[in-house]
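Down below is the structure, laid out as structure tokens.
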Amino acid sequence: MSRARRDALVASLTMIALLASAEAAVRLTGLAAALDAEDPLESRAAHLAALPVDPAVVALGNSRVRHGLDPGGLEAALGPALGPGALAWNHGLGGVTGWSILSTALRALDRPRPPALAVILLAPADLVEATPAELRHMTWAKGWRPGDLPALLRAGVGVEDSLTALAASLSDLLRHRPRLLALALGAPPGAPLGADHQGYKAEAPMPPEVQRSRALLRAEGYRQELVGPGARLSAGKLGCVEQAVRELRAAGTRVALVLSPASSPVAGLNQAPGSVVPALLAALEALAARQGVPLRDHTRPPVLTDADFTDGDHLNRDGARRYTTWLAGQHLLPWLGVPAPPPGP
């Protein structure tokens, strides 16, 4: 063996030994568990796994779901279809994109008994090709398990992203790399994240002028992603949504797709000249038809006004209560074969 080859082999073996030692240190010291507990995706998956009973209803999506669907309201409204004592779980995750719909659906199916109903609320910005690099890294480095690789490949996710998810799911060192670097640079450790109220976090109402100002800023932020020549749909994200529906239905779970509510400044982008949202809605309609599931556009439902939001996206506690009751009573119950209750006064 030449000296150059020998040196390369020694360097490679040394690097492997260092990585193995670092991986062992992260695991054996409990640091990996502590970082899981402070991570939004990992901690919420752990809270779901730790539930003492299997949820009958799960809600999947981004922060619009987390702040917009009240599990208690779902339980009360869906009692005639699911029976007393049925548990609802809000698995909305702030900052996730359409890719993560698949990972959260698979986590719901990790339970011994699959949910009877999964409600998937989608936001247009989750399904376009505009994900910032830091969110793309978070998507593929967090929330996945080794057994998810076949579903990822069936969803049409690229080999590179699929292998990144697999590698991170096998290695605590890779999964927590950004946090480990931050800790090494002196950042303090974070506190464990709680489960809030069955995954739901209520938001206080905002003064109208504050809500309006926030909504306008959010609409301007979304404009580049949703409107104009650079706006386009993400085949990979739509593929993950469709694969999530396939996986849930294969397990016997009923699935409902909903385009989630938005305040008027953000919703106005849907009809703006050059908006990609009409094409997105057509793609979702085709997806729903292929999979045999209902789809509803609730961007501006009749029970909500801008006063029900804290900004452009997130419902306050009053809006969430109102929307949850309306969604469950007027849409989910009929999908489950139970007549909708008469509208309230």
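Nearest-5 percent of antiparallel DSSP beta bridges in the chain?
The antiparallel proportion sits near 20 percent.
Please list 3J(HN,Hα) in residue order for segment 206-214, calculated via the Karplus relation 6.51 cos²θ - 1.76 cosθ + 1.60 where θ = phi - 60°; whole Hz, with x for glycine and proline.
Each residue of segment 206-214 in turn: 10, x, x, 5, 5, 4, 5, 4, 5 Hz.
Just want the ordering: Tyr200, Tyr323, from fewest to most Cβ atoms lying within 10 Å of their own Cβ.
Ranking Tyr200, Tyr323 by Cβ neighbours within 10 Å, fewest first, gives Tyr323, Tyr200.
Amide H to amide H, which residues 5 or more places from Val128 or on other chains are under 5 Å from it, using H placed in the peptide plane?
For Val128, the qualifying residues are Ser234.
Using only the Cα atoms of the chain, what are the Rg and Dmax in Å?
21.6, 87
Step through the residues of segment 167-177 one at a time and calculate ³J(HN,Hα) from phi using the Karplus curve (6.51 cos²θ - 1.76 cosθ + 1.60, θ = phi - 60°), rounding each to whole Hz and writing x for Gly and Pro.
4, 5, 6, 8, 10, 5, 4, 6, 4, 9, 3
Tell me the angle of helix 40-49 to the major Cα principal axis of the chain, expressed in degrees between 0 and 90 and rounded to the nearest ten.
Value to nearest ten degrees: 70.
With charges set only on the Cβ (+1 for Lys and Arg, -1 for Asp and Glu), what does the dipole of the chain come to about its Cα centre, in debye to the nearest 20?
The calculation lands at about 580 debye.
For segment 96-183, take every pair of Cα atoms, bin their distances at 10 Å starting from 0, and report each bin as a whole percent.
15, 46, 32, 6, 0
Taking the Cα centre of the chain as the origin and placing charges on Cβ (Lys, Arg +1; Asp, Glu -1), which of Ser63, Ala11, Leu193 is farthest toward the positive end of the dipole?
In the chain, that residue is Ala11.
Read-outs throughout are calculated quantities, based only on the coordinates presented, and are distinct from any laboratory measurement. All figures in this text were calculated on a predicted structure; none of them were measured in a lab. Every residue, glycine among them, receives a Cβ derived from its backbone with ideal geometry; neighbour counts consider all protein chains shown.
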